[in-house]
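Notes follow once the structure below has been shown.
What follows is calculated from the coordinates using simple rules that are stated; it is not laboratory data. In this text the structure is predicted, and so the values were computed from the model without any measurement. Quick reminder, even Gly has a Cβ in these numbers, built from the backbone with ideal geometry, and neighbours come from all protein chains shown.
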Amino acid sequence: MESIGLFEAKTHLSELIARAERGEEVIITRHNKPVAKLVPVQGQPPFDREKRRQAIDDLVRLRDELSQSHGTMTTEEIVRLVREGRDERDDQIWRSATGATPT
């Protein structure tokens, strides 16, 4: 486990965080006395490159399937559909909360 001075730790914080993400621990010192320990968060699953690649492949496959079955859509069309879905959901929530009947 490496020790690093506080000034140097502040200067290289991004690098130290990256090291912690890789599982390393670093002692931070002030005037050569240990004052803090930078450690990885426990319970955090390690980065899985293959799992990420599979998720991207799944999204590309879904995009291709939707494109074949529904045609291509512009960004504006997607945004409009998402907003309409949210508005409909909000209306349903409001109706159930107030007991109002659909109009």
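Some notes on this structure:
- Reachable aspartates and glutamates from residue 51, criterion Cα separation under 19 angstrom, eight or more residues apart if same chain: 21
- Note on the chain: GNM, Cα springs under 10 Å; of 19, 83, 52, the largest mean-square fluctuation is that of 83.
- Neighbour count of at most 15 Cβ within 10 Å plus DSSP loop: longest GluC sites (Glu not before Pro)-free window in the chain: 26-103
- Near the amide H of residue 4, within less than 5 Å, lie the amide hydrogens of 27, 28, 29, all on another chain or at least 5 residues away, with H placed in the peptide plane.
- Between 0 and 90°, nearest 10: helix 75-98 axis offset from the chain longest Cα axis: 80
- Helix 49-70 vs. the chain, principal-axis angle (Cα, 0 to 90°, nearest 10): 10
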